[in-house]
There are 2 protein chains.
Amino acid sequence: MTYLNRILLFAVIASPVYCQTELPLMPMPAKVTVTAGGSPLTIEPDFSASIQGAGASDARVRASVQRALARLTAQTGVPVSTKLGAAAVTPKLLVTVETADHPAPQKLGDPEDYRLSINGTQARLNARTPLGAVRGLETLLQLVQPGKTGFELPAVEIEDSPRFPWRGLSVDVSRHFMPVPLVKRTLDGMAAVKLNVLHWHLSDDEGFRVESKRFPKLQQLASDGMYYTQAEVRDVIAYARERGIRVIPEFDIPGHSTCWFAAYPELASAKGPYGIVRLPSDRRVTMDPTKESTYVFLDGFIAEMAALFPDAYFHVGGDEVDPTDWKENARIQAFMKLHKYPNEDALQAYFTRRLQKIVAKHGKRMAGWDEILRPDIPKSILIQSWRGQKSLAEAARQGYDSILSAGWYLDLIQPASEHYAVDPLKGETAGLSAEERKHIFGGEATMWEEIANAENIDAKLWPRLAAIAERLWSPENVTDVNSMYSRLEATSRWLETLDLRHRSALLLMRQRLAGTAPTQPLEIFASILEPVKGYTRHSDKTHSYGINTPLNRLVDSIAPESDAAREFRDAVDRYLANGTARKSGAGIEAFLRSWSANVPQVVPVLAANGILLETIPVATTIDEICKTGLEALTALSTGKPADAGWTQAKLASLDEAAKPKADLLIQIVPGVKKLVEAASR
Amino acid sequence: MTYLNRILLFAVIASPVYCQTELPLMPMPAKVTVTAGGSPLTIEPDFSASIQGAGASDARVRASVQRALARLTAQTGVPVSTKLGAAAVTPKLLVTVETADHPAPQKLGDPEDYRLSINGTQARLNARTPLGAVRGLETLLQLVQPGKTGFELPAVEIEDSPRFPWRGLSVDVSRHFMPVPLVKRTLDGMAAVKLNVLHWHLSDDEGFRVESKRFPKLQQLASDGMYYTQAEVRDVIAYARERGIRVIPEFDIPGHSTCWFAAYPELASAKGPYGIVRLPSDRRVTMDPTKESTYVFLDGFIAEMAALFPDAYFHVGGDEVDPTDWKENARIQAFMKLHKYPNEDALQAYFTRRLQKIVAKHGKRMAGWDEILRPDIPKSILIQSWRGQKSLAEAARQGYDSILSAGWYLDLIQPASEHYAVDPLKGETAGLSAEERKHIFGGEATMWEEIANAENIDAKLWPRLAAIAERLWSPENVTDVNSMYSRLEATSRWLETLDLRHRSALLLMRQRLAGTAPTQPLEIFASILEPVKGYTRHSDKTHSYGINTPLNRLVDSIAPESDAAREFRDAVDRYLANGTARKSGAGIEAFLRSWSANVPQVVPVLAANGILLETIPVATTIDEICKTGLEALTALSTGKPADAGWTQAKLASLDEAAKPKADLLIQIVPGVKKLVEAASR
């Protein structure tokens, strides 16, 4: 029976666990009242919708309701007609919208409130504006769950409006391009969790990503052919508007602009030749702020882009300007001397002032990163804080509007709980006056894409982005982490119905690594791993991540957060809190035994693939950790403290085990460490 | 620890198992020689391709090679440029195509042969025609697997050409519509397994699915808005041609045509009113073959459609004509009398002769189902046999060309092995002369869609269709079932890289049924189930499947074939063949214990959802079966025959267990039955 035994895995299934006691909503609405004993509204093929009020003829409202009906079919398998009924018939969904859309682009602060009332016969959605209806429909869809009568909407009363008016996601399409379908499904996900700003980081050293008709060499020479045509940009903007999302372009200057010079070398501060930055070691060059021709170019460029992007804000980057090129250029140094600029910061301030005038001339408010904040810049600009809440507080005190991004860098692979703990109005901003706080509009999660690409980016965005979205939408006191994780799992499943691929893409990547071998050993192995955090991979010399570096290692196929490891850690905490009898540790024991038993199953898979070879030490370390944990459990069950020598040796080896291997972290180490420490007391 | 225990599942993972000893190719090429000790060709970012020969400038060849390069990236995660290099550089892939494409539509019998030669420095693909290159590129892609050096192509020499020139799939888009993206990904999958005919069943009682500019009421009144525009049809045909696939339309008349009369009632044999058939109980009406106006209409209609669909064949259905309307219509009876037609069959023969003349007039060869074969019909027609190989043999003996579909009805939910055993030239056709055999062009799998829709059809098509494709392409002696299943699993994974959703869609459907509960219990439960076979569901009065019946029950989310159950059955066979010591039964025991242990886990999930309630008896039956199996194992380990009363009782309860419940079959019953029978001997 070796053939069969080889594949028999008595595995603890590392499935996400939660007791669903709350409605599976994220962001949690401002006010939710479940009708005690109320009958649910069952979704049947005769489900129908009508719209009334001044918004009944509004195109966005009609399209949104029809889209919601199609999604209802996808979420239930019940074929629901997308035809909108006459209000005379009693529809199962009655949408009342008081006003039609204003024709202008969506503005910051456009009302998003809605009310939703569901009983056994009807769901009623009321909104003052089409935008509010768009938000309320997402809540309605998120409420659909299987129940006693089939797929149901629960009897509930909801009143909802957002805490912050600016709730965004910034995506970096320069380091790795996001094709239009990926941008669109990202917008679908954003709308689902009620985000309302897509900040499109369209240029960086690694590539220029939008068609310019005035300066076509930008896309011809600085994009490797990967860019959005203006028609595609307009299509994305319209798609976003349908979903209540503003689109703000960012063209990052005067730093982060090397690729521009491959097209227009006269803009550069240093001598050529210039090229797209393909490798971390490639030379980066800064824009020349001293030439009038630079401003003539930018005036023409911004004129074109300001017309293409209808939003009131226009982001010019401004971050991380490396002063080297300016220091080494005698002409630039002479310019600084002439104008009495004491340092390169002052030169950037000059550039920023000139730029702000150009942006304003073309009818836009300028947005930029921390560095654009200088005493002499008009108050009309918007500061996006990437350096921390301190700069947010400073900006607000000086009367500048601002949004927070620090703490919400999704590319740094932090757990959702850490992002969830960040609040634009807590920490260093807590001392602001009510008037000052009004300047803090909200925030944006950011997704920098040095080490993410179109294949795996969904998993970097989702579901963690939903937790940030909740912070920005829901009342300040919605902070319970267990509740968040429980609802995050439900939300993650719901997002999959929008064809987001945060789970399926990683599964396929791991299947690709398994080749023709059984996939389950690799799945169990992967379930307790997480990628290294922060900038560890960015500074990794061995792999040196450039724009063409394959992202096909095991680490690239691993979600930022291991549900299994979190479950294990929580189980250890409960076990240690509730006495340590052998029997009550049975669950933990089973986990450890199965992860250990999986090691001999997975090692042949790892050994068969040159790309997986690097992870064999991860597997052998897992085996070691599990055995240590089992020894600790045995010691705990005796009630006698473990031998000090054993403890010292095990803690030392756990410290080793905690170090990254193959850019992976074994996330059961903390739990096992707790067991060892407890066994030694 | 109940919280943790509740979700702890010591489950046997029901993952598909196979020892990969052969190359993961399907269909197996005519001749494969693995170069012993030969170095593989590693896929690196510098992978490049060139084309030479007269085909180098051929648009289809160039597009196919570029598509292959993009797929290479998807299959490996290695970013490979899709630019085609100059032949002067040594490319990793050198494609030589002797001829450019002929401008006419792809014809039956266009050469598809190719040779593929891979060593450590280069892969060389040689083909006489662009079509051969298209086929060879699929083999190349299917060979890519992870190995010691990363993703590799093995050192191999392949010579390949198809056994049959007609290798098709018929899809029924009338009962449930297939949107264009689904049709396209189906074409991708077909091309991957070297099928070359899409037979598009575009009309039936339930709906008319193509735009007619001459008779626009067809799509306006007979389609519920679900139809292909002529632009979409042309787009699909071009997409298919790029992939070496002919597209043949079917308009099924004079039966199966009820929906036409909703648009053009004058064509009907019976009095109105008529409508689209939405429920099995709805009235079905037959076309009137006695009116000259019918042929005037068909002449105009076929003129239009013959121009839209460029293939040389045009399918008119002709199957299952219900004579009732003709019998009950006095005018039709009078017509028959006048023309001395002894029965309605003879009347249909008259209709078929008239129709054939119209089809021929518009430059096409007429194809139809068995029923169109009548002594007085020209030899130019093609017979598609749905009734069995007997009619295939008869047609061939009479000198008619034919293709086989009987035995390849994917909607009947048979295992791949059953379809694989069907051969157009075995059984009743085996006695044909060499000359007669030439009339048998190959065959088509069919997918009737009464009980399948766009959400779950991928899983009805794939991977089983690949096994049929192998029968039609590979040499007659490629018949080993174990080898087939092993390669089928590899092929199934490979097809997922084409975004086919045969696994992912069902997973999402089951996740939808689980709601917010853990998904794993439902997965383990589902893994040993199969849907009922044949026409059981079609005749099910309780559910009465119409075009708007929800297909969201558990049975709709279950793949046609349970890999876990097949594995279990095989394991039982091996166990019984190799002695029945306790130890050698450990694997089987583990399977049974874990399926049984899962029952208390899954029942709460089933009880929480009204749609799953019907499956609770399935769960309790599984528990019973597993316990019976475990008792049999215990008896077997003692070597003493079990008590006759026990045997009788258990066999009786297994017979009960084998009966469908909730339209599901518990597919471990046969294995357990073998254990019980063995224990009693």
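The values are calculated or read from the model by the stated rules, or taken from the named source; none is laboratory data. Everything quoted here is computed from the prediction, not taken from an experiment. FYI the Cβ positions are ideal-geometry reconstructions off the backbone, even for glycines, and counts take in every protein chain you see. Calculation scope for accessible area: heavy atoms of the full protein, side chains included, ligands and nucleic acids excluded. Shrake-Rupley method; radii C 1.70, N 1.55, O 1.52, S 1.80 Å.
Confirm whether A:K184 is within 13 Å of another protein chain (Cβ to nearest Cβ) and either of a type outside the set (K, R) or surrounded by fewer than 23 Cβ atoms within 10 Å (Cβ to Cβ) (or both).
On the way: within 13 Å of another protein chain (Cβ to nearest Cβ): no; either of a type outside the set (K, R) or surrounded by fewer than 23 Cβ atoms within 10 Å (Cβ to Cβ) (or both): yes.
No; evaluated as a whole, the condition is false for this residue.
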Worksheet item: When the residues of region A:554-571 are filtered to those that are more than 13 Å from A:I528 (Cβ to Cβ) and more than 10 Å from chain B (Cβ to nearest Cβ), which remaining residue is surrounded by the most Cβ atoms within 10 Å (Cβ to Cβ)?
Response: A:V555
Worksheet item: What do you reckon, is B:S48 polar (S, T, N, Q), out of contact with any Gly (no Cβ under 7 Å at 6 or more places or on another chain) and open to solvent by 10 Å² or more (accessible area, probe 1.4 Å)?
Response: no
Practice prompt. Kindly indicate which of B:T82, B:T96, B:T73 is at pLDDT 95 or above, within 12 Å of chain A (Cβ to nearest Cβ) and either over 30 Å from A:L508 (Cα atoms) or within 32 Å of the chain's Cα centre (by Cα) (or both).
Written response: B:T73
Worksheet item: Which one of these is in a loop (DSSP other than H, G, I, E, B), more than 22 Å from A:V359 (Cβ to Cβ) and in contact (Cβ under 8 Å) with a residue 24 or more places away in the chain: A:G244, A:G255?
Response: A:G244
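Among the residues of region A:614-626, is there at least one that is within 12 Å of another protein chain (Cβ to nearest Cβ) and free of Cβ contacts under 8 Å to residues at least 60 places away in the same chain? If you could, list the steps in order and put the result at the bottom.
Step one: list which residues in region A:614-626 are within 12 Å of another protein chain (Cβ to nearest Cβ), which gives A:614.
Then drop every residue that is not free of Cβ contacts under 8 Å to residues at least 60 places away in the same chain, which leaves none.
Checked region A:614-626: no residue is within 12 Å of another protein chain (Cβ to nearest Cβ) and free of Cβ contacts under 8 Å to residues at least 60 places away in the same chain.
May I ask you to list the residues in region B:613-643 that are outside any helix (DSSP H, G or I) and open to solvent by 70 Å² or more (accessible area, probe 1.4 Å)? Quick ask: steps written out before the conclusion?
Just the residues of region B:613-643 that are outside any helix (DSSP H, G or I), to begin with: B:639-643.
Within region B:613-643, B:K640, B:P641, B:D643 qualify.
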Fill in: Search result, residues across region A:169-212 that are within 24 Å of A:F441 (Cβ to Cβ), part of a loop (DSSP other than H, G, I, E, B) and not aliphatic (A, V, I, L, M)
A:K194, A:N196
Discussion item. Looking at region A:527-551 only, could you name the residues that are open to solvent by 10 Å² or more (accessible area, probe 1.4 Å) and within 16 Å of A:A459 (Cβ to Cβ)?
Written reply: A:S527, A:E530, A:K533, A:R537
Worksheet item: Which condition breaks for A:L412 when tested against (1) under 30 Å from the mean Cα position of the chain (by Cα); (2) open to solvent by less than 20 Å² (accessible area, probe 1.4 Å); (3) at pLDDT 95 or above?
Response: (2)
Worksheet item: Any idea how many residues of region A:581-601 are more than 11 Å from chain B (Cβ to nearest Cβ) and buried (at least 21 other Cβ atoms within 10 Å of the Cβ)?
Response: 3
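Residue by residue, here is whether (1) within 31 Å of the chain's Cα centre (by Cα); (2) buried (at least 23 other Cβ atoms within 10 Å of the Cβ); (3) closer than 18 Å to A:S402 by Cα holds:
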residue: A:K357; (1), (2), (3): no, no, no
residue: A:A367; (1), (2), (3): yes, yes, yes
residue: A:D370; (1), (2), (3): yes, no, yes
residue: A:R374; (1), (2), (3): yes, no, yes
residue: A:I381; (1), (2), (3): yes, yes, yes
Discussion item. Can you find a residue that is within 14 Å of another protein chain (Cβ to nearest Cβ), assigned to a helix (DSSP H, G or I) and in contact (Cβ under 8 Å) with a residue 24 or more places away in the chain anywhere in region A:659-672?
Written reply: yes
Worksheet, complete the sentence: By residue number, the members of region A:430-460 that are closer than 30 Å to A:N552 by Cα, out of contact with any helix residue (DSSP H, G or I) (no Cβ under 8 Å at 6 or more places or on another chain) and away from every other protein chain (no Cβ under 14 Å) are A:E444
Discussion item. Can you report the number of residues in region A:111-122 which are outside any strand (DSSP E or B) and either open to solvent by 20 Å² or more (accessible area, probe 1.4 Å) or modelled with pLDDT under 95 (or both)?
Written reply: 6
Worksheet item: Does region A:567-609 hold any residues that are farther than 24 Å from A:K640 by Cα, in contact (Cβ under 8 Å) with a residue 40 or more places away in the chain and in contact with a Cys (Cβ under 6 Å, 6 or more places away or on another chain), and which are they?
Response: A:W595
Discussion item. Just the residues that are open to solvent by 10 Å² or more (accessible area, probe 1.4 Å) and either more than 9 Å from chain B (Cβ to nearest Cβ) or part of a helix (DSSP H, G or I) (or both), please, taken from region A:602-611.
Written reply: A:V603, A:P604, A:V605, A:A607
Fill in: Positions within region A:74-105 being under 26 Å from A:V32 (Cβ atoms) and open to solvent by less than 40 Å² (accessible area, probe 1.4 Å), in sequence order
A:Q75, A:T76, A:V78, A:V80, A:P91, A:L93, A:L94, A:V95, A:T96, A:V97
Practice prompt. Please go through region B:187-236 and pick out each residue that is of a type in the set (S, T, Y) and open to solvent by less than 10 Å² (accessible area, probe 1.4 Å).
Written response: B:S203, B:S212, B:S223, B:Y228
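May I ask you to verify whether B:L153 is touching a strand residue (DSSP E or B) at 6+ places or on another chain (Cβ under 7 Å), within 14 Å of chain A (Cβ to nearest Cβ) and either under 30 Å from B:T549 (Cα atoms) or buried (at least 24 other Cβ atoms within 10 Å of the Cβ) (or both)? It would help to see each step written out before you state the result.
Working: touching a strand residue (DSSP E or B) at 6+ places or on another chain (Cβ under 7 Å): yes; within 14 Å of chain A (Cβ to nearest Cβ): yes; either under 30 Å from B:T549 (Cα atoms) or buried (at least 24 other Cβ atoms within 10 Å of the Cβ) (or both): yes.
Here the answer is yes, as B:L153 does meet what is asked.
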Discussion item. For the list (1) open to solvent by less than 30 Å² (accessible area, probe 1.4 Å); (2) in contact (Cβ under 8 Å) with a residue 40 or more places away in the chain, I need the number of the one condition that B:G53 fails.
Written reply: (1)
